[in-house]
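I have placed the structure first, in the form of structure tokens, so that the comments after it can refer back to it.
Every number in this text was worked out from the coordinates using simple rules, so none of it is lab data. Worth saying up front: this structure is predicted, and the values here are computed from it rather than measured. Note that each Cβ is placed from the backbone with ideal geometry, even for glycine, and that neighbours are counted across all protein chains shown.
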């Protein structure tokens, strides 16, 4: 646990309750280490539209904490764990920033298929807050129903953010596994994510 990592985590902290997160804390500290590297410039390029860098970081941290709560994350400090951390951050940027038509169509179709509210309203909310469990669930379900040739069309847009179809498939697999794990416990991914999001930077009480 490096001093710079702890510094980054404490710098983004907004609530004393963060110190009590014995479970997801190591993952969040590791995320802080990644932010010190190549990820911060990417986040800085995300369009404003109400989103803040600390809010986007908090959303990514909440995703990682949720996946850890589901016991689906690979061991910390491994290349696979680092790959997942990068995927969570970079794909948030992909869907916030990419102008690639295939990426935008995939996102729009995913949100529209969920049917809980208008796709435009959901998209606007996503752009102002970053990841939510609703977007993750919608993308996971859309990915599972998308044909291979249509998936391939996403590759150029993903590649612009230094991630691949394999990275996205792995992330969607973890989301699906987390949903199943929580249902077995009588919970939903939305309940767990909402709690974790409140505890992270940019969350609301």
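For segment 117-205, the Cα-based Rg and Dmax, in that order, read 14.6, 43 Å.
Taking 0.36 nm per residue of separation and subtracting the current Cα-Cα distance, fully stretching the chain between residue 187 and residue 53 would add 45.3 nm. Cβ crowding within 10 Å, taken as a proxy for footprinting-reagent exposure, orders 57, 175, 72 from fewest neighbours to most as 72, 175, 57. The fewest-to-most ranking of 61, 172, 200 by surrounding Cβ atoms within 10 Å reads 172, 200, 61. Between residue 144 and residue 76, the C-beta separation translates, for a Förster distance of 30 Å, into a calculated FRET efficiency of about 0.60.
Ordered by the number of other Cβ atoms lying within 10 Å of each residue's own Cβ, fewest first, 171, 183, 123 fall into the sequence 183, 123, 171. Which of rounded, prolate or oblate describes segment 137-181 when judged by the alpha-carbon gyration tensor and an a/c cut-off of 1.5? Note, shape of segment 137-181 comes out oblate.
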